[in-house]
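Quick notes on the structure that follows.
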Amino acid sequence: MSLEVDFTKKLTNFTLRCRLTSQNDQLALLGASGSGKSMILKCIAGIEQPDAGRIIVNGRTLYDSEKKIDLRPQRRKVGYLFQNYALFPNLTVRQNIACVAQKTAVDALLARFELTDVAQQYSHALSGGQQQRVALARLLASQPDILLLDEPFSALDTFLKEKVELEMKHFLATYDGDVIFVTHNRNEAYRLCQKLAILDQGQVVESGEMKQIFDQPQQVATARLTGVKNISRIEKLDDYTVRALDWQLVLKTARKVTADVTQIGVRAHDLAPCSPSAENAFAATILEQSETPFEQQFYCQGSPGTRELWWKLAKSQPNQFTGHLTIPPSKIQLLKDTCN
């Protein structure tokens with residue numbers, strides 16, 4: 001199974017430039033609302049047409065502007081799971097699946113997705129998890145070469161979302177094919193997929209292994225989208241020392257600062273209380289604090305008039321703050337400006 005996507009499409013506020021490759025992967029496409037995520041899926045599915053480029057799935061060309069190829073959606077063998085699942089409300093569970101499958105296949109799919117007992121019910125009588133399973137069963141009935149999942153949990157409340165997400169995880173573990181999962185929720189992306197592509201203003205600015213991108217984002221946009229709350233412009237002092245201009249701090253780094261690094265990032269839970277003599281220590285004042293059931297959050301400031309920093313601490317950790325915080329050199333992320 002393979003996917004090759006390379007196309008452009010002019011939108012209202014920017015030109016979408018999508019270049020992605022996948023080899024039997026579960027790929028999360030993470031970006032802010034309006035960044036072009038859903039449009040990429042629509043172009044792959046044939047619902048929208050790019051302005052130029054090509055889309056190839058498993059060696060089959062679905063779209064090629066130069067060769068004048070543009071297969072109709074029905075011929076693309078693309079399974080598209082919409083946010084609301086798009087079940088036919090006037091059809092039963094069995095009938096929804098039977099639209100695209102033979103009777104023997106319907107029975108097998110009902111059993112596989114544990115829907116046999118509700119086969120004669122209509123979609124309005126189903127739970128959110130059952131609706132999703134019906135939609136997935138109907139997708140598989142069409143024997144798609146690729147699955148496109150467009151924010152499938154966005155309409156669910158928190159409790160139901162966690163249960164449905166777990167069911168989706170189990171399903172993806174058994175699916176033998178490429179998957180593109182569109183979301184603006186970094187936690188969903190991290191839990192469900194192994195690969196990640198970051199979309200910012202219509203451009204894929206970074207892609208690769210999920211854990212590596214979270215551990216060491218390369219772009220400012222990637223850092224923000226993966227949850228880095230503290231970002232500052234820098235002045236390079238030497239290969240392993242920078243001045244964080246927005247915090248007015250001189251900091252040592254564990255990695256070499258190259259000429260294209262323009263900013264640094266620090267995750268809120270990577271700040272730590274310390275003694276005044278610790279490496280990268282700075283005097284800090286807590287301006288505000290709040291808490292969640294499992295975390296304490298502090299809004300801190302170094303020198304007056306500088307940009308504030310977020311510090312998070314698990315409630316299970318003792319708060320040993322005595323006026324100084326440190327940013328460990330190994331936790332400083334070196335960032336480049338997003339490519340234009």
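The values are calculated or read from the model by the stated rules, or taken from the named source; none is laboratory data. This one's a predicted model, so the numbers in the text were calculated from it and none came from an experiment. Virtual Cβ from ideal backbone geometry, glycine too; neighbours counted across all protein chains shown. Only protein heavy atoms, including side chains, enter the accessible area calculation; ligands, DNA and RNA are left aside. Shrake-Rupley method; radii C 1.70, N 1.55, O 1.52, S 1.80 Å.
Going by alpha carbons, how many degrees (0 to 90, nearest 10) lie between the helix axis of 128-141 and the longest principal axis of the chain?
Once rounded, the angle reads 60 degrees.
Under a 10 Å cutoff between Cα atoms, tell me which one of Ala272, Ala28, Ala189 has the largest fluctuation in the Gaussian network model of the chain.
It is Ala272.
If you take the alpha carbon radius of gyration of the range 171-313 and divide it by 2.2 N^0.38 Å, what ratio comes out, to two decimals?
That works out to 1.22 for the range 171-313.
What is the count of Lys pairs in the range 229-340 whose alpha carbons sit under 25 Å apart, if the two are 8 or more places apart or on different chains?
Here the count comes out as 18.
With equal scatterers on the alpha carbons only and no solvent term, can you work out the Debye log10 of I(q)/I(0) for the range 159-227 at 0.16, 0.17, 0.26 1/Å?
These q points yield log10 I(q)/I(0) values of -0.59, -0.65, -1.20.
Could you derive backbone 3J(HN,Hα) for the range 35-43 from the dihedral phi with the Karplus parameters 6.51, -1.76 and 1.60 (θ = phi - 60°), listing whole Hz in sequence and x where the residue is Gly or Pro?
8, x, 4, 5, 5, 4, 4, 5, 5
If you plug each phi of the range 186-203 into the Karplus form 6.51 cos²θ - 1.76 cosθ + 1.60 with θ = phi - 60°, what whole-Hz ³J(HN,Hα) values come out, in order, with x for Gly and Pro?
Going residue by residue, I get 5, 5, 4, 4, 5, 6, 9, 10, 9, 10, 9, 10, 9, 10, 9, 6, x, 10 Hz, with x marking Gly and Pro.
Give me the distance between the Cα centres of the range 169-189 and the range 222-251, rounded to whole Å.
33 Å
What residue among Thr222, Thr326, Thr183 shows peak mean-square fluctuation when the chain is described by a Gaussian network model with Cα springs under 10 Å?
Thr326
So if a site counts as exposed when it's one of the trypsin sites (Lys or Arg not before Pro), its DSSP state isn't H, G, I, E or B, and it has at most 13 other Cβ atoms within 10 Å, what's the longest stretch of the chain without one?
69-255
Restricting to the chain, compute how many DSSP beta bridges are antiparallel as a %, nearest 5.
Beta bridges within the chain, antiparallel portion: roughly 75 percent.
Could you work out, for the range 1-112, what percent of all Cα-Cα pairs fall into each 10 Å distance bin, beginning at 0 Å and stopping at the bin that holds the largest distance?
Calculated over all Cα pairs of the range 1-112, the distribution is 12, 37, 31, 18, 3 percent.
Only Cα pairs within less than 10 Å get springs; with that Gaussian network setup on the chain, which residue of Gly31, Gly208, Gly265 has the largest fluctuation?
Result: Gly208 has the largest fluctuation of those listed.
Could you give the spread of the C-alpha atoms of the range 1-60 along their three principal axes, from largest to smallest, in whole angstroms?
Reported extents, whole Å, longest axis first: 34, 23, 17.
Calculate, for the range 139-231, the solvent-accessible area per residue in square angstrom, rolling a 1.4 angstrom probe over the heavy atoms of the protein chains.
43 Å²
Collect residues whose amide H, placed 1.01 Å from N in the peptide plane, falls under 5 Å from the amide H of Lys195; neighbours closer than 5 in sequence don't count.
Gln26, Ala28, Met210
Tabulate in residue order the Karplus-calculated ³J(HN,Hα) for the range 275-288, using 6.51 cos²θ - 1.76 cosθ + 1.60 with θ = phi - 60°, rounded to whole Hz; enter x for Gly and Pro.
Whole-Hz 3J(HN,Hα) from phi for the range 275-288: 7, x, 8, 5, 5, 6, 6, 8, 5, 9, 10, 7, 7, 8.
Suppose all protein chains stay in the model; what accessible area per residue would a 1.4 Å probe give for the range 32-121, in Å²?
55 Å²
Considering amide H positions built from the backbone, and no H for Pro or chain starts, which residues 5 or more places from Gln219, or on another chain, come under 5 Å of its amide H?
Here the answer is Lys336, since their amide H atoms fall under 5 Å of that of Gln219.
Which listed residue (Pro144, Leu313, Ala173) has the Cα farthest towards the positive end of the charge dipole for the chain, taking +1 on Lys and Arg C-beta and -1 on Asp and Glu C-beta about the Cα centre?
It is Pro144.
Roughly to the nearest percent, how much of the accessible area of the chain is carbon and sulfur, given a 1.4 Å probe?
Heavy-atom surface of the chain belonging to carbon and sulfur, 1.4 Å probe: 47 percent.
Name the long-range amide H neighbours of Tyr80: under 5 Å, sequence gap of 5 or more, or other chain; modelled H, no Pro or chain starts.
Leu148
Given the DSSP H assignment, sum -39500 (n - 2.57) over each helix run of at least 4 residues in the chain and divide by its residue total; what's the result at 222 nm in deg cm²/dmol, nearest 500?
Here the helix-only value at 222 nm equals -6500 deg cm²/dmol.
Accessible area per residue for the range 239-313 in Å², computed with a 1.4 Å probe and the full protein assembly in place, what is it?
Result: 51 Å² per residue.
Over the chain, what lengths in whole Å, largest first, do the semi-axes of the equivalent ellipsoid take, defined as the square roots of 5 times the eigenvalues of the alpha-carbon gyration tensor?
Taking √(5λ) for each eigenvalue gives 45, 25, 15 Å, largest first.
Mind checking the dipole of the range 1-40: about its Cα centre, +1 per Lys or Arg Cβ, -1 per Asp or Glu Cβ, Debye to the nearest 20?
For this selection, approximately 240 debye.
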